[in-house]
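Novice: Here it is, the structure in full.
The values are calculated or read from the model by the stated rules, or taken from the named source; none is laboratory data. Everything numeric here is computed off the predicted structure, so don't read it as measured data. Here the Cβ is made from the backbone with ideal geometry for all residues, glycine too, and neighbour counts use every protein chain on show.
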Amino acid sequence: MHREITASATLTDCLIDAFNREGISYCHWKSNIDLAQATAGMTDLDLLVDRKSLPQALAILSQLGFKAAVARWGANPPSVRHYYGFDPHTKHLIHVHLFSRVLTGESYVKSHLFPFEEMLLENVVYSGRIPVTSKPAELVLFTLRMFIKYGSLSDLVSLRRKSESVRIETRWLQAGGDLSEALSLLQDYCPVIDERLFVACVETLAGDSPLLTRMRLARQVRRRLKVYAKYTFFARLLAYGQLLWAEARRRLGTKRQNKVLPAGGAVIAFVGADATGKSTLVAETGRWLGDTFTVNVIHTGKPPSSWVTAPVNMALAVMRRLTSSQRRDHLKGQKTFSSDSHLAQPTFKGLSSLPYALRAVVLAWDRRQLILKNRRRAAEGEIIVCDRYPSRITGAMDSPCLVEEPLKTGSVAAMYNRLARLEQQLYRQIPPPDIVLRLRVSLETALQRNRERNQQDKEVYLAARHRRSQEWQMPGARNVYEIDTEQTLEETLCKVKEAIWASL
């Protein structure tokens with residue numbers, strides 16, 4: 001694999017080296033003024049690839065661990081692709097914005113398809129090892145793009161804020177190129193724009209011309225570029241309508257981003273003892289993936305009440321605190337913690353056991369409902385990050401806790417046993433997560449971290465929870481990774497990201 005040949009390089013270096021070595025016909029075709037930021041992974045890497053080289057380019061991206069992403073709601077133009085790869089050197093996702101056609105124009109809808117592939121790919125210079133479009137060729141494209149945007153009401157607000165950056169980029173393109181060469185390319189590849197109009201547009205972008213002047217020129221430019229327009233008037237209105245609907249759905253769903261993986265969503269579970277860093281790693285993972293993809297973070301250890309269980313939870317509020325204390329006292333009473341400690345569950349003690357059993361069933365119901373709801377979201381492409389996850393082992397953390405008492409008789413015992421069977425049934429209905437991060441830390445470290453917390457757990461109770469957490473097991477869970485959290489947060493987070501990205 002190409003990644004293994006240059007293991008010490010960044011992911012972007014590996015990609016560029018592989019493209020060059022395999023003779024891919026490509027270039028970085030726009031915003032070359034910010035190329036350093038793009039190669040550092042701070043902005044998109046905008047690559048135009050010749051159609052003949054596209055199959056090889058896609059194979060290289062796959063070999064390097066890049067994954068395709070699409071918009072969950074809204075347009076996904078066939079000639080524009082998004083690929084993301086995790087770079088362990090920078091700890092960031094690298095975004096390759098891959099084009100096989102020059103589809104550009106307005107910011108929110110790709111409004112114009114230009115026949116510029118040959119112009120851009122054959123007029124290149126090298127910035128280090130990366131072929132970039134020459135400044136005269138980029139000036140042609142940049143000028144046309146800007147005046148398409150100045151003719152779009154949806155772009156005018158953002159353009160007013162970017163007038164200085166537009167002026168800087170225009171002057172940068174002028175400084176490194178020959179305007180006569182740009183005019184020659186314009187005549188060959190876009191003859192519908194005459195030289196006089198083009199020069200006026202360039203001077204306007206490079207100067208301090210008022211917005212009304214730019215809008216007037218934009219009307220002329222767009223009228224002449226109509227032959228390259230992707231949409232008719234009504235089709236453009238429909239495209240914006242679909243865009244607004246997609247944005248409304250995204251905002252109503254309180255999702256920050258709109259990208260999903262064609263391979264589908266996933267349920268990622270962080271499991272492990274207290275003080276292993278679950279909450280911190282869950283939050284960091286949610287932020288990392290949420291910067292690009294549609295992500296939802298849930299806590300299955302503390303599920304919200306459903307409409308079915310809310311009245312019961314309210315009625316048991318006081319008893320819940322009492323039974324919680326009783327359970328801690330029960331665990332503290334254990335002098336040793338063997339590998340069979342999960343069997344030492346609260347036993348049936350008559351009528352007083354029913355509230356605890358009812359609470360266990362209600363909790364199982366809420367956990368199941370929360371997980372099934374988010375499994376459906378994962379089926380739609382979302383990535384679900386879970387703080388804790390139930391297992392099938394009775395007595396393990398966030399798992400079944402009731403054990404039937406077949407030798408006990410009477411109506412109270414029968415009710416208790418029914419509740420125990422119902423609890424087991426509810427947990428059996430919970431499907432396994434797609435990716436499991438089993439966090440491990442020594443008991444000594446866990447106790448030390450507990451002492452440093454604002455809210456400390458009693459150490460005997462923590463020791464019991466620590467032992468029981470090692471027993472997490474769920475049939476059907478395939479991608480299970482053991483993560484040692486004794487190391488620094490940065491090192492641990494890097495391993496977590498690598499494991500998740502390998503399995504998505």
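Novice: Picking from 376, 367, 388, 421, which residue would you name as being modelled with pLDDT of 90 or more and touching a Gly at 6+ places or on another chain (Cβ under 6 Å)?
Specialist: Numbers: 376 fails: touching a Gly at 6+ places or on another chain (Cβ under 6 Å); 367 fails: touching a Gly at 6+ places or on another chain (Cβ under 6 Å); 421 fails: touching a Gly at 6+ places or on another chain (Cβ under 6 Å).
Only one candidate passes the filter, namely 388.
Novice: Picking from 381, 350, which residue would you name as being among the small types (Gly, Ala, Ser), farther than 18 Å from residue 273 by Cα and modelled with pLDDT under 90?
Specialist: Values: 381 fails: modelled with pLDDT under 90.
The unique qualifying residue is 350.
Novice: Pick from segment 128-150 the residues that are closer than 22 Å to residue 17 by Cβ and touching a strand residue (DSSP E or B) at 6+ places or on another chain (Cβ under 8 Å): which of them is surrounded by the fewest Cβ atoms within 10 Å (Cβ to Cβ)? Working first, answer last.
Specialist: So in segment 128-150, the residues closer than 22 Å to residue 17 by Cβ come out as 128-133.
Now restrict to residues that are touching a strand residue (DSSP E or B) at 6+ places or on another chain (Cβ under 8 Å): 130-133.
Numbers: 130: 22, 131: 22, 132: 19, 133: 26.
Of everything passing the filter in segment 128-150, 132 is surrounded by the fewest Cβ atoms within 10 Å (Cβ to Cβ).
Novice: Let me ask you something else. For residue 208, all conditions in the list (1) under 43 Å from the mean Cα position of the chain (by Cα); (2) surrounded by fewer than 16 Cβ atoms within 10 Å (Cβ to Cβ); (3) closer than 13 Å to residue 139 by Cα; (4) not β-branched (Val, Ile, Thr) hold save one; what is the number of the exception?
Specialist: The failed condition is (3).
Novice: Within segment 443-501, work out how many residues are buried (at least 18 other Cβ atoms within 10 Å of the Cβ), modelled with pLDDT of 85 or more and over 26 Å from residue 92 (Cβ atoms).
Specialist: Going through segment 443-501 one residue at a time, the tally reaches 2.
Novice: Now, a different point. Could you check segment 34-55 and list, in sequence order, the residues that are buried (at least 18 other Cβ atoms within 10 Å of the Cβ) and either out of contact with any Ser or Thr (no Cβ under 9 Å at 6 or more places or on another chain) or not assigned by TED's automatic domain parsing to the domain that holds residue 10 (or both)?
Specialist: 47
Novice: Here's something else I'd like to know. Among (1) within 17 Å of residue 127 (Cα to Cα); (2) assigned to a helix (DSSP H, G or I); (3) at pLDDT 95 or above, which single condition is residue 57 missing?
Specialist: Status for residue 57: all satisfied but (1).
Novice: Can you name the residue in segment 170-195 that is small (Gly, Ala, Ser) and in a helix (DSSP H, G or I) and is also modelled with the lowest pLDDT among such residues? Before you say what the answer is, go through the steps one by one.
Specialist: First, pick out the residues of segment 170-195 that are small (Gly, Ala, Ser): 175-177, 180, 182, 184.
After this cut, where a residue has to be in a helix (DSSP H, G or I) as well, the list is 175, 180, 182, 184.
Values: 175: 90, 180: 93, 182: 95, 184: 95.
Checking each candidate, the answer is 175.
Novice: Let me ask you something else. Quick check on segment 20-35: of everything there that is more than 27 Å from the chain's Cα centre (by Cα) and in a loop (DSSP other than H, G, I, E, B), which residue is farthest from residue 139 (Cα to Cα)?
Specialist: Filtering segment 20-35 for residues that are more than 27 Å from the chain's Cα centre (by Cα) and in a loop (DSSP other than H, G, I, E, B), the one farthest from residue 139 (Cα to Cα) comes out as 22.
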